[in-house]
Amino acid sequence: MGLDLLLERWGEDRVLAGGALLIGMVFGFMAQRSRFCLRSAVIEFARNLLGGRLTVWLFAFATAVGGTQLLASLGWFDAGNARQIAARGSLSGAAVGGALFGIGMILARGCASRLLVLAAQGNLRSVVSGLIFAVTAQSALTGALSPLREWISAGWTIEGGGARDLIARTGIGHGGAMLFAAFWLLAAVVWARRQKVSFWGWAGAVGVGLSVVAGWWFTYAVSRLAFDAHPIQSLSFTGPSAEILSRVLFVTDKPLSFDAGLMPGVFLGSFLSAALFRELKLEGFESGPGMRRYIVGAVLMGFGGMLAGGCAVGAGLSGAAVFTATAWVTLGAMWAAAALTDRLLDHHPGDTVQEPSGQ
């Protein structure tokens with residue numbers, strides 16, 4: 001059955017939410033299997049370790065960028081009307097928000113998507129952190145923290161359209177963007193062989209990247225066929241977290257959306273993966289200071305992600321895949337701030353990156 005028939009039979013909102021549910025399930029399953037985590041990748045890079053975490057992230061990154069640009073070169077996707085390109089953006093918000101998010105994910109021992117994946121396999125620390133993250137994100141969007149977010153965002157803005165489109169500004173074209181992705185994919189393959197990255201490590205990471213590609217293609221395809229306007233978007237976790245919180249607490253009759261289907265899908269996919277491979281395990285806080293650390297980290301990530309307009313996935317994969325300037329500023333700020341925070345707070349000689357199951 002074609003997408004046009006699905007839209008006619010089930011309606012645009014249900015199709016969007018249903019598609020997001022399926023894409024989210026794939027992302028959740030693959031993220032859980034691969035242990036995909038930007039925090040672990042940054043720590044490994046900053047400490048000059050060779051444990052495979054950075055390689056896993058590179059597989060996801062290169063796949064998301066290369067796959068999205070391949071769709072664009074074939075005429076199956078156009079990011080021109082996506083919010084990350086078309087709307088006015090904030091470079092100050094991207095820089096400050098990305099830095100705050102990077103600090104937060106070190107303190108909370110995982111970014112927003114990683115917290116959701118860990119929560120699905122029974123990590124109660126991630127459940128609490130995820131709830132605080134969502135509350136803070138909602139507060140930054142429309143609540144008490146909104147004026148601060150708007151003040152920081154107004155510091156240095158950038159026009160929408162070509163000004164935010166790095167492919168247009170640099171003139172590299174979709175072919176150049178694909179070559180860029182191919183270089184990093186080749187590097188990931190070489191490092192994966194040297195580091196003996198497991199099948200699920202690299203294959204799961206590729207699945208994570210393809211989930212981002214699928215999100216872009218699906219929302220673009222629906223937008224072209226739908227009667228009403230729908231945003232062209234891909235995976236992100238800051239806005240959708242606030243969306244789910246708003247639906248649970250306040251709104252019961254709001255139309256379904258891509259965001260409404262994404263979060264439950266990721267949770268369900270992660271849960272199924274953990275259950276299938278017998279990795280479900282209840283874990284809680286071990287101490288009061290540890291709990292305070294997670295809370296502070298979740299608050300910084302919630303505010304930083306909303307200020308930057310994207311999280312480690314929303315900016316680091318989805319935004320980077322369409323080469324929007326603000327996403328690359330956000331990603332760079334996340335890496336720099338996270339690496340510095342780890343060095344100041346957690347890095348001791350002889351340390352290794354903490355296992356994800358223990359986060």
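Miscellaneous remarks
- Within the range 30-51, being open to solvent by 50 Å² or more (accessible area, probe 1.4 Å) and either modelled with pLDDT of 95 or more or assigned to a helix (DSSP H, G or I) (or both) holds for R35, F45.
Conditions (1) in contact with a helix residue (DSSP H, G or I) (Cβ under 9 Å, 6 or more places away or on another chain); (2) of a type outside the set (D, E, K, R); (3) open to solvent by 60 Å² or more (accessible area, probe 1.4 Å), marked per residue:
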| site | (1), (2), (3) |
| --- | --- |
| A144 | no, yes, yes |
| P147 | no, yes, yes |
| T157 | yes, yes, no |
| G161 | yes, yes, no |
| R164 | yes, no, no |
| T170 | yes, yes, yes |
| G176 | yes, yes, no |
| A181 | yes, yes, no |
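- Residues (within 22 Å of G98 (Cβ to Cβ), aliphatic (A, V, I, L, M) and part of a loop (DSSP other than H, G, I, E, B)) located in the range 228-252: L235
- Residue pairs whose Cβ atoms lie under 9 Å apart, sitting 6 or more positions apart in sequence or on different chains, and linking a residue in the range 216-227 that is assigned to a helix (DSSP H, G or I) to a partner that is surrounded by 21 or more Cβ atoms within 10 Å (Cβ to Cβ) and of a type in the set (F, W, Y), are W216/F77; W217/F77; F218/F258; T219/F258; Y220/F77; A221/F77; V222/F258.
- Verdict on L54 being within 26 Å of R35 (Cβ to Cβ), in a helix (DSSP H, G or I), open to solvent by 20 Å² or more (accessible area, probe 1.4 Å) and at pLDDT 95 or above: yes
- In the range 63-113, residue surrounded by the fewest Cβ atoms within 10 Å (Cβ to Cβ) [restricted to those that are out of contact with any helix residue (DSSP H, G or I) (no Cβ under 7 Å at 6 or more places or on another chain) and part of a helix (DSSP H, G or I)]: N81
The values are calculated or read from the model by the stated rules, or taken from the named source; none is laboratory data. Keep in mind that this is a model prediction, so the values were computed, not measured. Please note: Cβ atoms are built from the backbone with ideal geometry, for glycine as well, and neighbour counts cover all protein chains shown. Just the protein is used for accessible areas: all its heavy atoms, side chains included, with ligands, DNA and RNA removed. Shrake-Rupley method; radii C 1.70, N 1.55, O 1.52, S 1.80 Å.
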